[in-house]
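These notes are about the structure you will find just below.
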Amino acid sequence: MSDGFAIAWSPARWVALRHGLSKNGNDHIHIAASRVREDGTKVSIHNDFIRAQRIARELEQEHGLEPLEGEQTRTAARGYSEPARVTLEREVRAASIASVDEAEFVRRMRAADVLVRPRYASDRTDVVAGYSVALRPQQGSGEGPVWYGGGRLARDLTLPALRQSWPDTPEAAGAAVAEWNAANRHRRVAAPGRERQVLDGKRWDAATQRLQLMNDRLAQIPVQDRGRWAELARDGAGTLAAWSRTAPKEMRPQLAQAASVLGRSAQLRQAPRRRVQSESPFAGAALVLAAATRGPQSRAAELAMMQQMIMFARAIVQMHRAMRDMRTATALQDGVASRLQAIYEQQPRPVAVAAGRSRVGPQDAPQAIPEHIRQAREGLTAPTRIRSPLPAKITPRPDVDEQQRRRPDKSNAPER
């Protein structure tokens, strides 16, 4: 007998199908396995990807096979310094916040050299239910594109979630289907839009003023309204993502990383329903930042917009600290607020900006932020706790008889 014991799991059915040669001449099989065992219990898939990779490495060594490269290694070989999923998430965020409708979103994705394909509803070609995106493979590599659905990029990047920010009209739906079909058939865009416009300096000033107005009104958002804060973080991440595509080369990696950190903070366990009563305050900023052209006065305008983004990042940090979410607050402080501050300080100052303050300091933070948030940030006092509505000591009414107090009231007894 063995000193230990083993658990005898009931078997789960599976099947292996040989698919034959692919276009590149690779012979391969497909395995389909049931997650329900014969006794009705479920097979655990916890960390299944990590365990599958470990087993694959062991089989490669045991049989002398050539080790396969991971996603990050493959993307580096293609010229990317990050996993393809991270790049695609940033591209989708940038296109979504800069687009006024779904059709423009599709066109912006294609203009960013991202492969886009729709997922149609069952037995329909005029109803799009979802989408997938992929990076274009390098020519001559012999590799095909690796597709990612919007939900695999982030919870808030599914097509239903993105549609909550766009108009829901028959005209908009028809224009979107036309662009999806054109992308699916690798044809030219159906109807070019504002993504080809050249923006003037007035757009920069208007976008910066909207961000400033938003920062001044952040105090009106309760810290407990996580849905609204997540919505702003999502749009702010899309704005930084759009900026990372057209900013000077030395700024792009830092802006891209800041966009990723801010985007992760916007992921809630259950995505809230977005408000569509008015356009996002970040929409104008994302529009001008997504433009590839820069005018002579855009340098000062970019610095002014950077100031507003720093203030917004600090407000997000303050909110998470007030909610005692210190892990997210630290990540946002290091990955967004401090990073944007460093970028701002490294930029040369035009005359109009150099004449004023050259640093965004605590005095530049939105003054309308509630006092309890600022105190929580500075460690002066803890946020107000939710207290019980009952008094600490319950004193019986003097007109109630002692014997009546001791006798249980059957009318208030729990039901059985």
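The values are calculated or read from the model by the stated rules, or taken from the named source; none is laboratory data. Predicted model, so just to flag it, every value in this text is computed and none were measured. Please note: Cβ atoms are built from the backbone with ideal geometry, for glycine as well, and neighbour counts cover all protein chains shown.
Please count how many residues of the stretch 211-226 are surrounded by 15 or more Cβ atoms within 10 Å (Cβ to Cβ), at pLDDT 90 or above and not aliphatic (A, V, I, L, M).
2
Could you list, in sequence order, the residues of the stretch 310-327 that are part of a helix (DSSP H, G or I) and surrounded by fewer than 18 Cβ atoms within 10 Å (Cβ to Cβ)? Working first, answer last.
At the first step, the residues of the stretch 310-327 found to be part of a helix (DSSP H, G or I) are 310-322, 326-327.
Of everything in the stretch 310-327, those that are part of a helix (DSSP H, G or I) and surrounded by fewer than 18 Cβ atoms within 10 Å (Cβ to Cβ) turn out to be M326, R327.
Based on this model, can you work out whether A98 counts as within 30 Å of A286 (Cα to Cα) and either in the same structural domain as H186 (by TED's automatic domain parsing) or modelled with pLDDT of 70 or more (or both)?
On the way: within 30 Å of A286 (Cα to Cα): yes; either in the same structural domain as H186 (by TED's automatic domain parsing) or modelled with pLDDT of 70 or more (or both): yes.
So A98 passes the test.
Are there any pairs with C-beta distances below 6 angstrom linking a residue in the stretch 125-144 that is more than 21 Å from R155 (Cβ to Cβ) to a residue that is loosely packed, with under 13 Cβ neighbours inside 10 Å, with the two at least 6 apart or on different chains, and if so which?
Every condition considered, the pairs that remain are V127/A121; R136/D113; P137/E143; G142/N24.
Quick test of your reading of the structure: A206 fulfils all but one of (1) touching a Gly at 6+ places or on another chain (Cβ under 8 Å); (2) surrounded by fewer than 22 Cβ atoms within 10 Å (Cβ to Cβ); (3) under 17 Å from T328 (Cβ atoms). Name the failing condition by number.
The single condition A206 does not satisfy is (3).
Hey, among the residues in the stretch 65-95 that are acidic (D, E) and more than 17 Å from R234 (Cα to Cα), which one's modelled with the highest pLDDT? Give the steps one after another, and end with the answer.
Residues of the stretch 65-95 acidic (D, E): 66, 69, 71, 82, 89, 91.
Now restrict to residues that are more than 17 Å from R234 (Cα to Cα): 66, 69, 71, 82.
Numbers: E66: 62, E69: 55, E71: 54, E82: 81.
Only one residue tops the list, namely E82.
Has the stretch 296-303 got at least one residue that is at pLDDT 90 or above, more than 20 Å from the chain's Cα centre (by Cα) and surrounded by 13 or more Cβ atoms within 10 Å (Cβ to Cβ)? Reasoning before the result, please.
Step one: filter the stretch 296-303 for residues at pLDDT 90 or above, giving none.
Checking the stretch 296-303: not a single residue is at pLDDT 90 or above, more than 20 Å from the chain's Cα centre (by Cα) and surrounded by 13 or more Cβ atoms within 10 Å (Cβ to Cβ).
Please return the ranges of helices (runs of 4 or more DSSP H) entirely within the stretch 158-221 where 2 or more residues are assigned by TED's automatic domain parsing to the domain that holds Y120.
Details: elements: 159-163, 170-184, 201-216.
Counting at least 2 such residues, we get 159-163, 170-184.
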